[in-house]
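Structure, as structure tokens:
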Amino acid sequence: MIFTKNKLIKSFTGVLLLASLTLIVCCKKKDSKKEETPADETFDKQALLTNLADNLILPAYNEFKTALDSVTQTFETFKVSGSKSDFLSVRQKFAIAYLKYQRISIFGFGPGEDAGVRTNFNIFPCDTTKIKANISSGTYNLSSATNFACKGLPALDYLFYDLNRSDDVIVQSFTDAKRKAYVSDVIGEMSAKLATVITTWNSTYRTTFVNSLSTDVGSSLGYVINQINYELDYLKNSKIATPLGLRSAGTPLPANSEAYYGQQSMQYALETLNMMENVYLGRSLKNADGLGFDDYLDHLGVMHVDVSLNTAIKSQFGVARAKFTAVGNPLSEKVLTTPTVVNEAYTELVKLLVLLKTDMPSSLGVVITYQDGDGD
């Protein structure tokens, strides 16, 4: 897990350990202070949560399921025909599914967390060597932690777009029954886990979610706000900073881009940013404005310098989106040819993070509980 490692604690001994413990105590005191922030009881939190559940979360999961089902159907057709046109249809459906995934990755709590959606669906870069070994042997256990980087959307991205092969050669490679079986197994595992998530939301979790009205750790508001920030950290660090080389002493790592083979990294990153904004605004997937955190902050009258905090956050979303759009695809090339433009997008994410991770949670009495190991 990228954001759970505490490298400092592992290396501290003696005096450094004492200093670390002192720091932890101070942090706990700080968090306790946050938890003491009085909760506002006049804002309709249940209406906000209901809007999120019914107009964002469940529709997003259902949209992704429809997209993933289309990948399954087109791939089954291609398995029989072996035609290039059918293969290109598979690619088209896959690109849509990968885009729709960006809309559910932010909901990594409750059933999504239980099913390990992020871990099982989108660990990148994928391990191409092991994927090839798995296919060659025909024997693998996709449930094993050793195969997290050998499955999900990144594995399909590699198998459908291998940059070292022409389209004709890729199509021909699927005459291998083991390769076809591997793709079917990868898609099948995702479909099964996704079905479990949707069933749980519909059967029990929605009721639990909309009736959790506190802002304590483990509350629905706590989960959502933590996930907004986790997703922003993930976007900033894994999707932008790492390929740009900000985590490797300035050496770009283009192959570490999300969707490296399909070369749609920035499109997916922009969709992640858009979905984050939708959740903040309570804006449905059909672009209908609903009750969101913007309304909550305005209700509390929270200010940021000389404007409302909500105004500052919405403005920063707009600036970040403009910078993302300026980067364009493929990110793997942009980090080499126009790194300054990519870095500008990264910088605007950092500014957005300060507003969403520091100012908003403290105003709403929510504690950020996850750890970002990159130290930003």
For the pairs K100/K334; K236/K323; K65/K178; K236/K334; K151/K180, note any where the Cα-Cα span goes beyond 18 Å. K100/K334; K65/K178
Calculate I(q)/I(0) for region 156-279 by the Debye formula, one identical point scatterer on each C-alpha and no solvent, and give its log10 at q = 0.13 Å⁻¹ to two decimals. -0.82
Stretch gain in nm, segment S315-D114, where the contour uses 0.36 nm per residue and the Cα spacing is subtracted: 68.9 nm
E76, E189, E231, ranked by accessible area, largest first (probe 1.4 Å): E76, E189, E231
Which one of K151, K323, K84 has the biggest mean-square fluctuation once the chain is modelled by GNM with Cα springs under 10 Å? K84
Using θ = phi - 60° and the Karplus form 6.51 cos²θ - 1.76 cosθ + 1.60, what ³J(HN,Hα) does each residue of region 320-330 get, whole Hz, x for Gly and Pro? 4, 4, 4, 5, 4, 4, 5, 5, x, 9, x
Please identify, among T66, T215, T129, the residue showing maximal mean-square fluctuation in a Gaussian network model of the chain using a 10 angstrom Cα cutoff. T129
Tell me the label-point distance for the pair N274, T251, using the 7 Å Cα-to-Cβ offset, in nm and rounded to one decimal. 3.6 nm
Looking at the P(r) of region 220-330, how many percent of alpha-carbon pairs lie beyond 21 Å? 44 percent
Take the Cβ-Cβ distance between S85 and E333 as r, set R0 to 30 Å, and report the resulting FRET efficiency rounded to the nearest 0.05. 0.60
MRE, 222 nm, helices only [DSSP H, n ≥ 4, -39500 (n - 2.57), over the chain, to nearest 500]: -19000 deg cm²/dmol
Send over the Kirkwood Rh of region 264-376, from the inverse of the averaged 1/r over different Cα pairs, rounded to one decimal Å. 15.2 Å
Using only C-alpha atoms and all pairs of different ones, pull out the Kirkwood radius for region 180-225 in Å with one decimal. 12.6 Å
Debye-sum result for the chain in log10 I(q)/I(0), which assumes one identical scatterer on each alpha carbon, at q = 0.10, 0.15 Å⁻¹: -0.68, -1.41
Suppose every Lys and Arg Cβ carries +1 and every Asp and Glu Cβ carries -1, with no other charges. What dipole size does the chain come out with about its Cα centre, to the nearest 20 debye? 1020 debye
All alpha-carbon distances of region 153-213, grouped into 10 Å bins from 0, give the whole-percent distribution 19, 33, 19, 16, 11, 2
What net charge is computed for the residues neighbouring E258, neighbours being all others with C-beta under 9 Å from the C-beta of E258, Lys and Arg scored +1, Asp and Glu -1? 0
List the trypsin sites (Lys or Arg not before Pro) within region 209-293 that fall in a DSSP loop (any state other than H, G, I, E or B) and whose Cβ has at most 15 other Cβ atoms within 10 Å. R247, K286
Applying 1/(1 + (r/R0)^6) with R0 = 45 Å to the Cβ-Cβ distance of S184 and T204, what FRET efficiency is obtained, to the nearest 0.05? 0.90
log10 I(q)/I(0) for region 119-172, Debye formula on C-alpha points only (no solvent), q = 0.13, 0.24, 0.25 Å⁻¹, two decimals, reads -0.31, -0.93, -0.98
Any chance you could check the Cα centroid distance between region 221-277 and region 158-197 for me, in angstrom? 24 Å
Whole-Hz couplings from phi, Karplus 6.51/-1.76/1.60, listed for region 197-211; x for Gly and Pro: 4, 5, 4, 5, 4, 6, 8, 9, 6, 4, 4, 4, 5, 6, 9
Globularity index of region 43-198, i.e. its alpha-carbon radius of gyration over 2.2 N^0.38 Å: 1.11
Taking K132 as the anchor, which aspartates and glutamates have their alpha carbon closer than 15 Å to its alpha carbon, excluding any fewer than eight residues away along the same chain? D157, D162, D176, D185
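The values are calculated or read from the model by the stated rules, or taken from the named source; none is laboratory data. Predicted model only: the values in this text are computed from it and were never measured. As a convention, Cβ positions derive from the backbone with ideal geometry for all residues, glycine included, and neighbour counts pool all protein chains shown. Surface areas here come from the heavy atoms of the whole protein model, side chains and all, with no ligands, DNA or RNA. Shrake-Rupley method; radii C 1.70, N 1.55, O 1.52, S 1.80 Å.
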